[in-house]
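Structure, as structure tokens:
Values in this text are rule-based calculations from the coordinates and carry no lab data. Predicted model, so just to flag it, every value in this text is computed and none were measured. Ideal geometry is used to build each Cβ from the backbone, glycine not excepted, and the neighbour counts take in all protein chains shown.
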Number of protein chains: 2
Amino acid sequence: MGNTSKVMKKIPYKIYLTEEEMPKYWYNLKAVMKELPDPMIHPATLKPCTSEDLAPIFCRELIEQELNTTDQYIEIPQELLDFYKMFRPSPLVRAYCLEKLLDTPAEIYYKFEGTNTSGSHKLNSAAAQAYYAKKQGIIHLTTETGAGQWGTAMAMACAYYGIDLTVYMVKVSAQQKPYRKAVIETYGGKVIPSPSDTTEAGRKILARDPSTTGSLGCAISEAIEVALKSNNCRYVLGSVLDHVLLHQTIIGQETKTACEKYDIKPDIIIGCTGGGSNYGGLIAPFMGDKIAGKNDIRFIGVEPASCPSLTRGKYAYDFGDTGQTTPLLKMYTLGSGFIPSPNHAGGLRYHGMSPIVSKLYHDGYMEARSVEQSKVFEAATAFARSEGILPAPESSHALRVAMDEAILCREKGEKKTIIFGLSGTGYFDLSAYVNYNSGTMTDYIPSDEDLEKGFASIPKV
Amino acid sequence: MGNTSKVMKKIPYKIYLTEEEMPKYWYNLKAVMKELPDPMIHPATLKPCTSEDLAPIFCRELIEQELNTTDQYIEIPQELLDFYKMFRPSPLVRAYCLEKLLDTPAEIYYKFEGTNTSGSHKLNSAAAQAYYAKKQGIIHLTTETGAGQWGTAMAMACAYYGIDLTVYMVKVSAQQKPYRKAVIETYGGKVIPSPSDTTEAGRKILARDPSTTGSLGCAISEAIEVALKSNNCRYVLGSVLDHVLLHQTIIGQETKTACEKYDIKPDIIIGCTGGGSNYGGLIAPFMGDKIAGKNDIRFIGVEPASCPSLTRGKYAYDFGDTGQTTPLLKMYTLGSGFIPSPNHAGGLRYHGMSPIVSKLYHDGYMEARSVEQSKVFEAATAFARSEGILPAPESSHALRVAMDEAILCREKGEKKTIIFGLSGTGYFDLSAYVNYNSGTMTDYIPSDEDLEKGFASIPKV
């Protein structure tokens with residue numbers, strides 16, 4: 001029955017690991033998966049991408065991580081650990097007040113990644129990517145940002161390592177969030193609303209549809225185009241790819257250490273899924289144990305009903321960007337031509353999904369659920385008022401399902417332990433809260449016809 | 001030479017106390033001061049205010065705390081400690097990266113109060129005031145807010161305890177910070193830009209100057225007027241008064257415990273001074289020891305050159321509000337008629353200063369310094385890029401002087417230990433950063449003639 005002294009330990013409101021307890025390794029899920037995800041392939045040759053194929057776009061060590069299928073643990077370099085210590089470990093919080101509000105026998109915990117200025121988990125990978133760029137002698141990075149967290153995180157990381165940064169920001173986000181731009185600029189980053197006339201890809205999209213509100217896929221095309229033009233410049237991506245998910249496993253590693261320290265045994269782990277890295281990072285070491293038959297945890301990925309890649313997408317090879325310039329990824333996708341309705345708030349707007357998360361879903365290791373945004377903001381407001389923290393719209397998708405599961409526990413009289421990822425704060429996403437408060441928020445569920453239009457852009461491979 | 005095992009302990013980036021180590025008592029400076037501040041007096045009788053005088057405005061137990069001059073330690077109720085545990089303890093951070101940037105032999109620490117959603121220390125007193133209101137059966141609270149932190153903090157506290165809240169928000173802040181309003185509303189608070197036509201005081205000020213950008217003093221008049229109209233309603237104030245400073249001593253209590261745990265011996269402690277409660281709370285237990293002859297710490301209160309109550313004000317009895325309705329406080333003041341230039345960013349706009357801080361300054365226990373805002377934002381940007389956190393404009397006043405002192409240490413080759421209060425984040429104050437980034441920020445120093453106009457409003461007592 002384990003260590004009784006552990007069982008007796010009172011669980012504090014916030015569990016903080018010490019710096020010494022911080023994980024020194026990322027967790028590489030691919031090394032433990034029974035079947036590997038299909039490899040990234042080159043769109044021209046349809047052969048698996050090699051390091052040489054990717055070298056003009058990405059930094060060298062990140063490519064090695066991307067292609068690594070053998071090492072279960074990958075060491076976090078000491079210089080990077082020192083940066084992590086500025087904003088980590090993040091707390092695992094016992095949601096005592098939310099439990100009381102819901103009158104549930106369930107124990108609810110959330111891993112809170114919003115304590116740094118970028119406001120989200122994104123800084124975990126931004127820090128790593130800037131570190132490896134610096135090590136390689138790269139002096140300029142380009143990237144895209146949707147809701148803005150990733151752009152802010154990269155700006156913080158580039159400020160720390162002294163690297164120039166250009167951020168292509170999805171136009172609708174740039175308009176909804178002028179202050180995100182101000183933060184990125186305070187950290188020295190340059191912000192360009194996308195699509196822009198600074199790239200071929202942007203000009204092409206603008207010519208086709210001058211009034212487009214933009215998309216992550218389109219911003220990616222622009223950022224990659226700029227990176228390819230110079231040998232001292234590389235592109236960095238905030239989600240979807242395996243190396244990004246790898247960096248985010250520090251979330252799951254810390255969570256697992258905290259659970260072991262206090263003998264917490266999760267029954268359900270829930271995360272929101274945009275590109276999948278926050279969710280994948282949170283579940284990684286727990287999922288590894290499940291694959292090894294060591295636990296029977298239910299994993300739930302939650303996405304917006306307006307951009308339902310897991311629940312309504314196709315599992316197929318697709319481009320990562322609207323410009324159709326990237327390698328092909330085997331993933332659940334709505335098609336790179338899919339553009340979510342602008343009435344959808346915040347992030348989780350991406351057409352595809354992490355190949356690792358996609359494969360786990362396809363093989364039945366996890367569940368997926370879609371939720372409508374008015375229900376999400378209802379949960380967000382209840383959470384803010386009870387737990388104090390104003391959550392990001394994205395994270396509130398996970399919160400919504402955590403609350404639903406806790407309510408189910410009340411109805412069934414079951415005492416389950418639920419952990420969800422509170423991946424960030426909503427401090428820079430207040431226009432969506434303004435809409436919700438004023439009663440003008442609407443829900444959007446694409447029709448089958450809407451989805452067919454997106455699917456038509458998926459290449460025949 | 002003390003305990004060697006303590007001296008050897010490596011100082012982590014962030015010192016977090018455990019929940020068990022959290023202080024269970026506030027520190028009442030008045031119980032240890034050699035001379036007490038002159039008492040609050042009634043403007044009609046010029047006699048010291050009694051509990052009965054104050055009871056229609058403030059909650060009962062808060063008045064007891066306000067008038068308590070004898071108990072050095074005042075117990076924090078368990079139900080309030082439970083609320084504190086949701087957002088405290090706050091970290092004492094070693095500014096390793098800032099030290100490196102400044103190439104200084106000084107050790108720099110900051111007590112960071114910005115990890116909660118209100119973004120500042122204000123929640124410490126908001127939580128306490130809402131708790132005592134609830135206990136007394138009060139169902140409606142009114143208050144004012146300048147930069148917005150206090151209004152947000154009160155909204156969070158009132159959401160927690162289920163109390164209605166009306167916030168009079170200084171008009172210029174309401175205009176500069178639309179999203180602050182959104183946050184307050186998400187927590188269920190009602191926001192009214194001040195001066196407004198909802199009160200006698202507001203209508204009077206508007207009649208005199210319809211284009212006024214408002215002031216804290218004016219918003220206070222409005223909030224008190226509403227509170228006085230109902231027996232179930234009371235007024236709460238976010239700074240200046242002794243009971244507010246008392247609640248903020250949890251900052252200093254935690255800081256002192258952390259210093260003792262790691263054998264940190266501060267030479268200089270620095271805080272920004274608006275109404276004085278954040279600064280007073282940070283220094284309290286250290287100042288108590290200084291008064292008792294147990295240390296020789298230098299204490300520095302930092303204020304904006306545009307609103308220089310300590311450095312250029314008069315030490316006199318004055319009203320707390322522009323409407324001249326409050327009891328008279330003996331304090332450093334620019335006169336309740338003083339309205340700082342609207343080009344001044346964020347908080348620290350108040351005409352007066354905490355009577356306790358004023359007395360300590362008057363009696364020579366501390367220093368005061370004023371700084372110009374362009375220098376403040378220069379420091380804020382350097383701090384953001386090196387330490388990661390985007391600081392509040394207010395807190396950056398303390399940061400500016402901490403950096404100046406650390407630079408002095410470099411020039412003189414002195415290894416001093418500096419602690420400053422990073423009282424909050426700048427996430428909701430980005431318009432000032434936009435100004436600074438675009439090079440349009442200007443400084444303002446009132447002329448002696450400007451000050452004379454304010455002094456003319458100080459009553460002859």
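Give me the extension gain from B:Gln78 to B:Glu35: residue separation times 0.36 nm, minus the current Cα-Cα distance, reported in nm with one decimal.
Details: separation 43, 0.36 × 43 = 15.48 nm, distance 3.21 nm.
That works out to 12.3 nm of additional length.
Counting only other chains, what is the mean number of Cβ atoms within 10 angstrom of the Cβ of each residue in peptide B:108-120? Walk me through the numbers on the way to the answer.
Details: counts 0, 0, 0, 0, 1, 0, 2, 6, 3, 10, 2, 1, 0.
Per residue, the number of nearby Cβ atoms from other chains is 2 on average.
Helix B:277-291 versus the longest principal axis of chain B: what angle, 0 to 90°, nearest 10, using Cα atoms?
Computed tilt is about 60 degrees.
Where the label is 7 Å out from Cα toward Cβ, how close does A:Glu20 come to the same position in every other copy, in nm, shortest first?
Here the equivalent label points are 1.6 nm apart from this one.
Using the number of other C-beta atoms within 10 angstrom as an exposure proxy, rank B:Thr311, B:Thr325 with the fewest first.
Numbers: B:Thr311 16, B:Thr325 19.
So the ranking, lowest neighbour count to highest, is B:Thr311, B:Thr325.
Which of the GluC sites (Glu not before Pro) found in the stretch B:386-415 are loop residues per DSSP with 14 or fewer other Cβ atoms within 10 Å of their Cβ? If you can, show how the numbers build up before the last one.
Numbers: sites: B:Glu387, B:Glu394, B:Glu405, B:Glu411, B:Glu414; in loops: B:Glu414.
Those that pass, being in a loop and sparsely packed, are B:Glu414.
B:Lys453 label point, 7 Å along Cα→Cβ, cut-off 14 Å on backbone N: hits in the stretch B:325-351?
So the set is B:335-343.
Using just the alpha carbons, could you tell me how many Å³ per residue the convex hull of the protein assembly as shown encloses?
Given the Cα convex hull of the protein assembly as shown, per-residue volume reads 165 Å³.
Per-residue mean of other chain beta-carbon atoms within 10 angstrom of the beta-carbon, peptide B:421-429? Walk me through the numbers on the way to the answer.
Details: counts 0, 0, 0, 0, 2, 4, 7, 4, 1.
Per residue, the number of nearby Cβ atoms from other chains is 2 on average.
Applying the Karplus parametrisation 6.51 cos²θ - 1.76 cosθ + 1.60 with θ = phi - 60° to the phi angles of the stretch A:159-165, what ³J(HN,Hα) value in whole Hz is obtained for each residue in order, glycine and proline being reported as x?
With the stated coefficients, the stretch A:159-165 comes to 4, 5, 9, x, 10, 6, 9 Hz.
Using a 10 Å cut-off on Cβ atoms, rank the peptides B:168-174, B:197-203, B:245-251 from the highest mean neighbour count down.
Working: B:168-174: 25.4, B:197-203: 17.7, B:245-251: 28.4.
Order by mean packing, descending: B:245-251, B:168-174, B:197-203.
With r as the distance between the Cβ atoms of B:Thr440 and B:Ile407 and R0 = 22 Å, compute the FRET efficiency 1/(1 + (r/R0)^6) and round to 0.05. Don't skip to the answer; put the middle values down first.
On the way: r = 27 Å, r/R0 = 1.22.
Once rounded, the FRET efficiency stands at 0.25.
Sum up the charges of everything whose Cβ sits under 14 Å from the Cβ of B:Thr322, counting Lys and Arg as +1 and Asp and Glu as -1, but leave B:Thr322 out.
Counting the neighbours of B:Thr322, the net charge comes to -1.
Please list, by residue number, every one of the trypsin sites (Lys or Arg not before Pro) in the stretch A:245-323 that is coil in DSSP and has at most 13 other beta-carbon atoms within 10 Å. Each step should come with its number before you reach the end.
On the way: sites: A:Lys256, A:Lys261, A:Lys290, A:Lys294, A:Arg298, A:Arg312, A:Lys314; in loops: A:Lys294.
Hits after loop and neighbour filter: A:Lys294.
To the nearest 10 degrees, how steep is helix B:373-387 against the longest Cα principal axis of chain B, on a 0 to 90 scale?
50 degrees
Under unit Cβ charges (Lys, Arg +1; Asp, Glu -1), what dipole magnitude, rounded to 20 debye, does the protein assembly as shown have relative to its Cα centre?
Working: 96 positive and 104 negative charges, 106 e Å.
Dipole about the Cα centre, nearest 20: 520 debye.
Report, in listed order, any pair from A:Lys171/B:Lys181; A:Lys34/A:Lys261; B:Lys14/B:Lys256; A:Lys134/B:Lys14 with a Cα-Cα distance greater than 18 Å.
Values: A:Lys171/B:Lys181 25 Å; A:Lys34/A:Lys261 29 Å; B:Lys14/B:Lys256 15 Å; A:Lys134/B:Lys14 25 Å.
Flagged as over cut-off: A:Lys171/B:Lys181; A:Lys34/A:Lys261; A:Lys134/B:Lys14.
Taking every residue in B:380-391, how many Cβ atoms of other protein chains lie within 10 Å of its Cβ, on average? Walk me through the intermediate numbers first.
On the way: counts 1, 5, 0, 0, 8, 9, 3, 4, 13, 6, 9, 1.
Neighbouring Cβ atoms belonging to other protein chains average 5 per residue here.
Could you tell me the relative contact order of chain B? Use alpha-carbon pairs under 8 Å, at least six residues apart, and round to a whole percent. Show your work: numbers first, answer last.
Numbers: 1012 pairs, mean separation 89.8, N = 461.
Dividing the mean separation by the residue count of chain B yields 19 percent.
May I ask for the distance between the Cα centers of the stretch B:15-92 and the stretch B:367-398, given as a whole number of Å?
The distance from the Cα centre of the stretch B:15-92 to that of the stretch B:367-398 comes to 29 Å.
Need one word for the stretch A:123-235: rounded, prolate or oblate. Basis is the Cα gyration tensor (sqrt eigenvalues a ≥ b ≥ c); a/c below 1.5 gives rounded, then a/b vs b/c decides.
Values: a/c = 2.44, a/b = 1.40, b/c = 1.73.
Since a/c reaches 1.5 but b/c is at least a/b, the shape of the stretch A:123-235 is classed as oblate.
Hey, fewest Cβ within 10 Å first, where do B:Leu17, A:Leu228 land in order? Kindly include the intermediate steps, with their values, before the conclusion.
Numbers: B:Leu17 20, A:Leu228 15.
Ranking B:Leu17, A:Leu228 by Cβ neighbours within 10 Å, fewest first, gives A:Leu228, B:Leu17.
How far is A:Pro178 from itself in the other copies, in nm, if each label sits 7 Å out from Cα along the Cα-Cβ line, shortest first?
0.8
So what's the angle, to the nearest 10 degrees on a 0 to 90 scale, between helix B:122-136 and the longest Cα principal axis of chain B?
The angle comes out at about 50 degrees.
I'd like the distance between the alpha-carbon centres of the stretch B:138-185 and the stretch A:179-234, rounded to an integer number of Å.
Cα centroid of the stretch B:138-185 versus Cα centroid of the stretch A:179-234: 38 Å apart.
Let me know the volume per residue of the alpha-carbon convex hull for chain B, in Å³. Write out the running numbers ahead of the final one.
Numbers: hull volume 62.5 nm³, N = 461.
Cα convex hull per residue, to the nearest whole number: 136 Å³.
Once the label point is set 7 Å along the Cα-to-beta-carbon vector, what list of distances in nm do you get between B:Lys460 and its counterparts in the other copies?
Computed spacing set for this position: 9.7 nm.
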